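One structure below.
Bear in mind these aren't lab numbers, they're just calculated from the coordinates by the rules spelled out. Only a predicted model underlies this, so the values are computations on that prediction, with no experimental measurement involved. Glycine also receives a Cβ, built like all others from the backbone with ideal geometry; neighbour counts cover every protein chain displayed.
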């Protein structure tokens, strides 16, 4: 039995990948989906609140529109397929959940809905209310309007961000693989499943394989580890579990086979939102001294910055990059890019003369920054 199971948390997010929900011929795998819905219903009757992040709209729509390459030959095809397939996807979820006595709700979100703080709080409030009413929200990215520049790109990271917004304590990614291996199990018969990950470090990231086994989805192990970073930083366990069995939640609950990424101590809500951000308007590179100061809980001062880049304004989210090129933190800039560049590497006493106005205490204040 795993340290994390679907019965062990009050609020759970379940992500379903395209290859599990949609057969290669573009039809819904209805019998399998009904078995998953039965698992969800059993958990709901036991008092657990569950939301679903469901892929499959593009794959379903492509079949109905007879589009090549699964609807992914062009952005326009993908958007048309998503608009068509989303109706079918919602209908089958509503029908199967209804047969179990559950009410379904649809939420379509874009990247900006969860990256903009005000819209994020609105989405959070809606999710919370639906779950408190016993409704099962079925969530997907709004691919009919999303473009390459403003989209999650995979539902693994969307599920983790939804978990954060919903205040969930657990995420299960139902996948075409049963967890993280120390090597690619498709090519290496000696690959070993990693049952538990306490910390996501370079060793864990090196085990990731960017490919999706089915060719139908858009995620791979890289996106799942990225999702795990977001979820665990927000205080939610995340499990990667095989969906290639009937009743996959019940099967995981009984066997515990999968990989669990163990939650960190939950950060305050605002800092968790900052840490989970997927977009940044700019970047501030810092020296080793500044990196050490950040890890000890200090604000980022201009004297410790080496370069700035991007077109950010005051209040925009920016990434803080250490001397080794690794992103150390995300935070809200106290300056626009031009002024930040002017005082980069300069001591605080010099700032007023350079800027022509009374300077702020830091480039990024510690209260508006989250370490990664």
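Values computed for the structure shown
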| item | result |
| --- | --- |
| Ordering of 70-77, 160-167 by packing [mean C-beta count within 10 Å, highest first] | 160-167, 70-77 |
| Contour excess over end-to-end distance, with Cα ends at residue 357 and residue 203 and 0.36 nm allotted per residue | 50.8 nm |
| Orientation-averaged projected area, Cα convex hull of the range 72-173 (nm²) | 6.8 nm² |
| Spin-label pair residue 287/residue 309, simplified geometry with 7 Å Cα→Cβ offset, distance in nm | 2.0 nm |
| Folded to 0 to 90 degrees: helix 155-166 orientation relative to the chain principal axis, Cα | 70 degrees |
| Theoretical FRET efficiency, 1/(1+(r/R0)^6), r = Cβ-Cβ of residue 8 and residue 255, R0 25 Å, to 0.05 | 0.95 |
| Hydrodynamic radius of the range 280-371 per Kirkwood, over alpha carbon pairs, in Å | 12.6 Å |
| Virtual spin-label span in nm between residue 342 and residue 66, 7 Å along Cα→Cβ | 6.3 nm |
| Mean projected area (nm²) of the alpha-carbon convex hull when the chain is viewed from all directions | 18.8 nm² |
| Distance (nanometres) between label positions extended 7 Å along Cα→Cβ at residue 187 and residue 265 | 4.1 nm |
| Computed E for residue 122/residue 25 - FRET, C-beta separation, R0 56 angstrom, nearest 0.05 | 0.90 |
| Degrees separating the helix 221-233 axis from the principal Cα axis of the chain, which is the longest one | 70 degrees |
| Most mobile of 112, 190, 316 in a GNM of the chain (Cα contacts under 10 Å) | 190 |
